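First up is the structure itself, then whatever we jot down about it.
The values are calculated or read from the model by the stated rules, or taken from the named source; none is laboratory data. Computed from a prediction, not measured in an experiment: that's the story for all the values here. Heads up, the Cβs are rebuilt from the backbone with ideal geometry, glycines too, and the neighbour counts pull from every protein chain shown.
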Amino acid sequence: MLDDTALDALFREARTHNKWQDRPVEDTTLMALHELLKWGPTSANSSPARFLFLRTPEAKQRLAPALSSGNLDKTMAAPVTVIVAYDPRFYDHLPTLFPHNADARSWFTSNDALAATTAFRNGTLQGAYLMLAARALGLDVGAMSGFDNDKVDAEFLSAEGWRSNFLCNLGYGDPEGLFARSPRFDFADACRLL
């Protein structure tokens, strides 16, 4: 069981950041982040998520035309912006990732709806693992929608056939950019014991 300090860092005190310190995130930290997030479970170990770490001004400028006006400044200021994407053809890797069942690929090649749902759902899970891994490594996060998926896909992902899901800024947050924490549901509002 994790102690309260770790639980605070991952959940209770963690915030969505909109302002960033002028402090770089090292490539070795991004590699360590992936080394943690890759262990999160996915259906049939499918691991459909793909991550593009935009960390140069040139890469950020390529992203800028796809951003909503409310996300532009904070994304340009963030040390790293991750395009959390997914591979619709994730099943091509199942012989490697799920080797104990030789039929696993056919589960998805014979059912387009199942493949699409599995890619999106499990890619989203992996995006959440990315945020938790980032917090565990001392980084702050700012996940967001508010961008044009088609523009992002055309600019960054079409060569691989991947699709964008959401964006996540990473770095060391500036507490000056935080506002009062919004309420959350109590157990009785969001849960049922059956």
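Under 8 Å between Cβ atoms, at least 6 apart or on separate chains: pull out the pairs that start in the range 175-194 with a residue that is of a type in the set (Val, Ile, Thr) and end on any residue that is surrounded by 10 or more Cβ atoms within 10 Å (Cβ to Cβ) and modelled with pLDDT under 95.
That search, which allows pairs on different chains as well, returns nothing.
Does residue 148 qualify as being at pLDDT 95 or above and over 16 Å from the mean Cα position of the chain (by Cα)?
So residue 148 fits the description; yes.
Show me the helices (runs of 4 or more DSSP H) entirely contained within the range 77-194 in which 3 or more residues are under 23 Å from residue 41 (Cα atoms).
94-97, 104-109, 112-136
Return the total of residues in the range 56-87 being closer than 26 Å to residue 120 by Cβ and of a type outside the set (A, V, I, L, M).
The number of residues fulfilling the criteria is 11.
Of everything in the range 2-23, what is in contact (Cβ under 8 Å) with a residue 60 or more places away in the chain and under 19 Å from the mean Cα position of the chain (by Cα)? Give them in sequence order.
Passing the criteria: 9, 10, 14, 15, 16, 17, 18, 19, 20.
Yes/no matrix, rows are residues, columns are (1) surrounded by 15 or more Cβ atoms within 10 Å (Cβ to Cβ); (2) not aliphatic (A, V, I, L, M):
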{"site": "95", "(1), (2)": "no, yes"}
{"site": "111", "(1), (2)": "no, yes"}
{"site": "116", "(1), (2)": "no, no"}
{"site": "129", "(1), (2)": "yes, yes"}
{"site": "143", "(1), (2)": "yes, no"}
{"site": "148", "(1), (2)": "no, yes"}
{"site": "173", "(1), (2)": "yes, yes"}
{"site": "179", "(1), (2)": "no, yes"}
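Any idea which residue in the range 15-28 is surrounded by the fewest Cβ atoms within 10 Å (Cβ to Cβ), counting only those that are within 24 Å of residue 72 (Cβ to Cβ) and not basic (Lys, Arg)?
22
Sort out which residues of the range 59-106 are of a type in the set (Phe, Trp, Tyr) and more than 19 Å from residue 159 (Cβ to Cβ), and write them in order of number.
Residues satisfying the conditions are 91, 98.
Report yes if residue 104 is out of contact with any strand residue (DSSP E or B) (no Cβ under 9 Å at 6 or more places or on another chain) and of a type in the set (Gly, Ala, Ser), otherwise no.
yes
Quick grid of which residues meet (1) within 25 Å of residue 153 (Cα to Cα); (2) touching a helix residue (DSSP H, G or I) at 6+ places or on another chain (Cβ under 7 Å); (3) among the hydroxyl-bearing types (Ser, Thr, Tyr):
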residue: 6; (1), (2), (3): no, no, no
residue: 12; (1), (2), (3): no, no, no
residue: 23; (1), (2), (3): no, no, no
residue: 29; (1), (2), (3): no, no, yes
residue: 33; (1), (2), (3): yes, yes, no
residue: 56; (1), (2), (3): yes, no, yes
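Please work out which one of (1) buried (at least 22 other Cβ atoms within 10 Å of the Cβ); (2) farther than 23 Å from residue 146 by Cβ; (3) touching a residue at least 60 places away in the same chain (Cβ under 8 Å) is the condition residue 42 fails and give its number.
Failed condition: (1).
When residues of the range 62-91 are filtered for being surrounded by 13 or more Cβ atoms within 10 Å (Cβ to Cβ) and acidic (Asp, Glu), how many remain?
1
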